[in-house]
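Working notes for the structure below.
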Amino acid sequence: MHAATDTTGPPFADSADDRQKRRDLRQMKRVATSMLVVAAIIFVIAKVAEDDGGAWVGYVRAVAEAAMVGALADWFAVTALFRHPLRLPIPHTAIIPKRKDQIGRSLGDFVESNFLTTEVIEERLRGADIGRRAGEWLADADNAERAGEAVADVLRGGLEVLDDAEIQKGLEHLIESRVRATPVTPLLGKAIDLTVEGGHQQRLLDAVLVGISGFLDDNQETFRNRLYEESPWWVPEPIDDRVFAKIYDAVGRFLTDVRSDPSHEIRATVDKRVVAFATRLRDEPELLAKGEALKEELLDHPDVREWIDSLWSEAKRGMISAADDPDSELRLRLVNSLHRLGQRLAAEPELQRKVDQWVARALGYLVENYRAEVSDIIASTVAKWDGESTAEKMELQVGRDLQFIRINGTIVGGLAGLVIHAIGELL
């Protein structure tokens, strides 16, 4: 597509290089114009002296006359590229200001057709050894540090421009959909199975037994008082004491026996009941329904909702803080990973080949799919330039060389005039 022309003002800054080129251009213009003036003076002198002079004066006049014609013609041609000669609106002059949009489009098409092609990219990359060079560069610890800092800057910049509301909404949807799609009780049943396979339930039972023993010891007096309250009034207190002591000792010995005997029948009973409960969790519809109801209640709980809502903001804050801190675990791991990657790249030709192929494919994809956009950027950028400023800028780049056309035109014109005059005299 063609961009609309915008001639709001000159788009170029006047750099030191431009000022030097402008001085060189003025100097060459003075040389070319001086040659035209000299030719004109010689022509006038020769014309005046032609009647009284010899035949050679006619040759001089012819040379000067043709030199002027050549100089004027080439001056007109060179000037017509950039502006109207003598500010006269002569047709087909000021070509660059008038046709800068077409020139920009043609330049964009030229770059697209001749530079932005997979063939050119592949030929350029064939001997570049990007994988090897990147590996050798990253193998240096200081370079890996700089690369890590650059990657951290990119990460931080990417995080800062993301739409937090959209990311949070997407994260909430992902968590809730995954949780709702996963049945709770079969998952618990599987967890119990894994616990039994690893014997972890026995260690849990040991912890429970220890806890019960400690609970009994801490509350011995409380249990003794409760026995007094429940015992009939006519039972003597010494008998209550003996009964309590016997029961208390029996319970303590039982707990000790279970703890000390890995093959105790209580342990086997616990295993059977745990396995049976795991089976029920996987298979019983009633337990499945209760698990799903509990899951929905948990998802709707205000504390859980607040936790889900804060996930992205907390994660983002943590990643930005880690990216800014050179001593953070993220930065250290990133630098170490880049350093190790560089060492591998520098030492493994096969990995270098894979990197080279990946870079070639990536650049080829970009060229094939986006080279038209590059062409449009060139065309639209040129279209926004002011016509006169564009012509002036282009004249600064090539105008000095174009002045040699004027000089050569003066010389060639003079020689042509000499030849033509000599042929005329011979005829």
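What angle, in degrees between 0 and 90 and rounded to the nearest 10, separates the Cα long axis of helix 16-49 from the longest principal axis of the Cα atoms of the chain?
10 degrees
In µm²/s, what is D for the chain at 37 °C and 0.692 mPa s, where D = kT/(6 pi eta Rh) by Stokes-Einstein and Rh is the Kirkwood radius from Cα pairs? Write down the numbers at each step before the final one.
Numbers: Rh = 33.6 Å.
Approximately 98 µm²/s, per Stokes-Einstein.
For the chain, what is the mean residue ellipticity at 222 nm derived from helices alone (per DSSP H run of n ≥ 4: -39500 (n - 2.57); sum divided by total residues; nearest 500 deg cm²/dmol)?
One gets -28500 deg cm²/dmol as the mean residue ellipticity at 222 nm.
Sort 225-233, 34-42 by packing, meaning the average of other beta carbons within 10 Å per residue, with the highest value first. Numbers along the way, then the final one.
Numbers: 225-233: 9.7, 34-42: 16.7.
Most protected by this proxy first, the peptides run 34-42, 225-233.
Rolling a 1.4 angstrom probe over the protein heavy atoms, how many square angstrom per residue are accessible across the range 316-409? Write down the numbers at each step before the final one.
On the way: 5570 Å² over 94 residues.
Accessible area per residue: 59 Å².
Quick one: how many Å² of Trp312 are accessible to a 1.4 Å probe, rounded to 10?
About 30 Å², ignoring ligands and nucleic acids.
Order the following by accessible area, largest value first: Ile308, Ile377. Probe radius 1.4 Å; ligands, DNA and RNA are ignored.
Ile377, Ile308
Return one number: the angle in degrees, 0 to 90 and rounded to the nearest 10, between the long axis of the Cα atoms of helix 220-230 and the longest principal axis of the Cα atoms of the chain.
Helix 220-230 sits roughly 50 degrees off the main axis of the chain.
With the full set of protein chains in place, find how many percent of the accessible area of the chain is carbon and sulfur; take the probe as 1.4 Å.
Ligands and nucleic acids excluded, carbon and sulfur give 62 percent.
Checking the a/c ratio against 1.5 first, then a/b against b/c, what shape does the Cα gyration tensor give for the range 135-210?
Oblate, because a/c is 1.5 or more while a/b does not exceed b/c.
Please list Ser106, Ser380 in order of solvent-accessible area, largest first, computed with a 1.4 Å probe with all protein chains present.
The ranking, largest first, comes out as Ser106, Ser380.
Give me the distance in nm between label points sitting 7 Å out from Cα along the Cα-to-Cβ direction at Leu311 and Asp327, one decimal.
3.3 nm
What's the extension gain from Leu86 to Leu294 if we count 0.36 nm per residue and subtract their Cα-Cα distance?
Taking 0.36 nm per residue and subtracting the Cα distance, the gain is 65.8 nm.
Could you grab the Rg to Rh ratio for the range 226-269? Cα atoms only, Kirkwood for Rh.
Reported Rg/Rh (Cα atoms, Kirkwood Rh): 1.22.
Heads up, I need the accessible area for Leu281: 1.4 angstrom probe, whole protein in place, Å², nearest 10.
10 Å²
Taking a probe of 1.4 angstrom, what is the accessible area of Ile239 in Å², to the nearest 10?
Its heavy atoms expose roughly 90 Å² to the probe.
Note down the Stokes-Einstein diffusion coefficient of the range 310-427 in µm²/s, whole number, using a Kirkwood radius over alpha carbon pairs, 25 °C, and 0.890 mPa s.
The Stokes-Einstein estimate is 109 µm²/s.
From the phi angles alone, apply the Karplus equation (6.51, -1.76, 1.60; θ = phi - 60°) to the range 148-154 and give each ³J(HN,Hα) in whole Hz, x where the residue is Gly or Pro.
x, 5, 5, 5, 4, 5, 5
The values are calculated or read from the model by the stated rules, or taken from the named source; none is laboratory data. All values derive from a computational prediction rather than experimental measurement. Backbone-built Cβ (ideal geometry, glycine too); neighbour counts: all protein chains shown. When the accessible area is computed, the model is the full protein with side chains, heavy atoms only, and any ligands, DNA or RNA have been set aside. Shrake-Rupley method; radii C 1.70, N 1.55, O 1.52, S 1.80 Å.
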